[in-house]
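Before any comments, here is the structure.
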Amino acid sequence: MSTLRVDSIQDTTGTDNQGKILQVVNDTTLRARHSSTSTVFIDTGFSVTITPKFANSKILINVTATASSTTHYVYIDIYRNGTTSLSGSATNANGLTGPVANSVAGWDTVATFYEDSPNTTSAVTYNIYAKTASGTLYFGLDTNVVFPNQVYISATEIAQ
């Protein structure tokens with residue numbers, strides 16, 4: 001029986017980064033909660049920006065937030081640089097989460113994640129967009145910035 005042992009396997013440039021987490025960025029800015037009656041996706045004001053070290057890196061975006069609606073569902077989507085819907089289409093009826101937070105008098109925890117390939121080493125901003133089926137949606141728990149807004153967004157760069 002043979003045993004193969006190596007210290008590392010490197011790419012052709014001698015770099016041993018593949019599959020490693022290179023950086024994690026999260027948004028720590030306190031913001032007032034977002035409220036809207038929009039039935040089309042609009043920017044909630046919550047976002048995170050990351051500058052990839054390599055153009056071929058994958059970016060894993062994680063979102064956990066509190067949301068509520070006065071009558072019907074809340075839908076969440078993530079947009080790259082405020083223009084490209086990560087659900088595949090700006091007109092996608094369900095966004096990344098589908099209908100969530102159908103609590104007339106309560107708050108629900110909404111979580112979603114997405115693995116993106118932005119193919120750049122320039123700064124990329126991931127904006128959280130939301131809409132409601134009807135009524136008023138609330139995204140983030142409190143109405144002022146004194147208390148935590150219950151929205152967590154992170155972007156993790158993974159080398160390929």
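Directionally averaged projected area (segment 21-158, Cα convex hull): 7.4 nm². Residues 77, 43, 27, arranged from fewest to most other Cβ atoms within 10 angstrom of their Cβ, appear as 43, 27, 77.
Hey, with R₀ at 22 Å, roughly what FRET efficiency would residue 71 and residue 111 work out to, going by the Cβ-Cβ distance, to 0.05? Mind dumping the intermediate values first?
Values: r = 23 Å, r/R0 = 1.03.
It comes to 0.45.
Taken one residue at a time, the phi angles of segment 108-125 give Karplus couplings (6.51, -1.76, 1.60, θ = phi - 60°) of 10, 8, 10, 9, 8, 9, 8, 9, 10, 10, x, 6, 7, 10, 8, 4, 10, 10 Hz. Gly and Pro are set to x.
Using 0.36 nm per residue of separation minus the Cα-Cα distance, give me the extension gain between residue 3 and residue 28 in nm, one decimal.
Details: separation 25, 0.36 × 25 = 9.00 nm, distance 4.78 nm.
My answer for the length gained is 4.2 nm.
Spin-label pair residue 43-residue 21: with each label point 7 Å from Cα along the Cα-Cβ axis, the two points sit 2.8 nm from one another. Working note: Karplus 6.51/-1.76/1.60 with θ = phi - 60° gives segment 41-49 the couplings 5, 9, 5, 7, x, 9, 7, 9, 10 Hz, where Gly and Pro are set to x. Shown for 114, 126, 73: other C-beta atoms within 10 Å of each C-beta, ranked fewest to most, produce the order 114, 73, 126.
A short reminder: the numbers here are calculations on the coordinates, not readings from a lab. Every value quoted in this text rests on a predicted model; they were computed, and no experiment measured them. Please note: Cβ atoms are built from the backbone with ideal geometry, for glycine as well, and neighbour counts cover all protein chains shown.
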